[in-house]
Amino acid sequence: MRGDRWQPSADVFETEAEVVIRFEVAGVRSEDLKVNVEGSMLRLRGVRKLPPSAAIDRLKQMEISFGPFEREIGIEASFDPDLVRARLEDGFLEVRIPRRSPERRTLPVETEKAD
């Protein structure tokens, strides 16, 4: 937790074709999430709102974080930010970042000119 913000847990893994980041955001609605890609940084911001509840007489235990959150993850692979996709399902936000295929170029081989 940083200041008044908490950070959702994240898993980051790579395949040959993409980098996948999975955030645990149970109880957060898609309209309360914002995903940005800036340079090589992925930033997730959002808010987990308190559920409506009856009057509480005595609080016994409180471990679930509520309120605003933010998480930044650096992406080391080369990628096109326009192809990044995010999907919220079963309490997990999955961000898929397709790797950019390496650009290949064939260079002409120059030769020395004989005088």
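For the charge dipole of the chain, defined by +1 on Lys and Arg C-beta atoms and -1 on Asp and Glu C-beta atoms about the Cα centroid, which residue among Met41, Ser9, Ala26 has the Cα displaced farthest towards the positive pole? So the residue we want is Ala26. Comparing Cα centroids, segment 63-115 and segment 5-56 end up 18 angstrom apart. Sequence neighbours fewer than 8 away in the same chain don't count; with that in mind, list the lysines whose C-alpha is under 22 Å from Lys49. Within the straight-line limit of under 22 Å, Lys49 reaches these lysines: Lys34, Lys60. Counting only Cβ charges, +1 for Lys and Arg and -1 for Asp and Glu, the dipole size of the chain around its Cα centre is about 620 debye. Diffusion coefficient of segment 4-43 by Stokes-Einstein, Kirkwood radius over Cα pairs, 10 °C, 1.306 mPa s: 131 µm²/s. Karplus-based coupling profile of segment 73-87, in residue order and whole Hz: 10, x, 10, 8, 7, 7, 8, 9, x, 6, 9, 5, 10, 10, 9, with θ = phi - 60° in 6.51 cos²θ - 1.76 cosθ + 1.60 and x standing for Gly or Pro. Around the amide H of Val47, modelled in the peptide plane, lie the amide H atoms of Phe69, all under 5 Å away and 5 or more residues distant in sequence or on another chain. Per-residue Karplus couplings for segment 98-110, computed as 6.51 cos²θ - 1.76 cosθ + 1.60 with θ equal to phi - 60°, are listed in order as x, 5, 7, 5, x, 6, 10, 8, 8, 9, x, 9, 8 Hz, Gly and Pro entered as x.
Near Phe92, the amide H atoms lying under 5 Å from its own belong to Val25; only residues 5 or more places off or on other chains count, and H is placed 1.01 Å from N. Coupling constants for segment 21-32 follow from the phi torsions by the Karplus curve (6.51 cos²θ - 1.76 cosθ + 1.60, θ = phi - 60°), and in residue order they are 10, 10, 9, 8, 9, 3, x, 9, 7, 4, 6, 9 Hz; glycine and proline get x. Between the beta carbons of Arg100 and Arg5, assuming R0 = 25 Å, the FRET efficiency works out to 0.20 to the nearest 0.05.
In this structure, the amide hydrogen of Ile75, modeled 1.01 Å from its nitrogen in the peptide plane, lies closer than 5 angstrom to those of Met41, Leu42, counting only residues at least 5 positions away or on a different chain.
Values quoted throughout were computed directly from the atomic coordinates according to the rules given, and no laboratory measurement underlies them. Quick caveat: nothing in here was measured; it's all calculated off a predicted structure. No Cβ is skipped: glycine too gets one built from the backbone with ideal geometry, and neighbour counts run over all protein chains shown.
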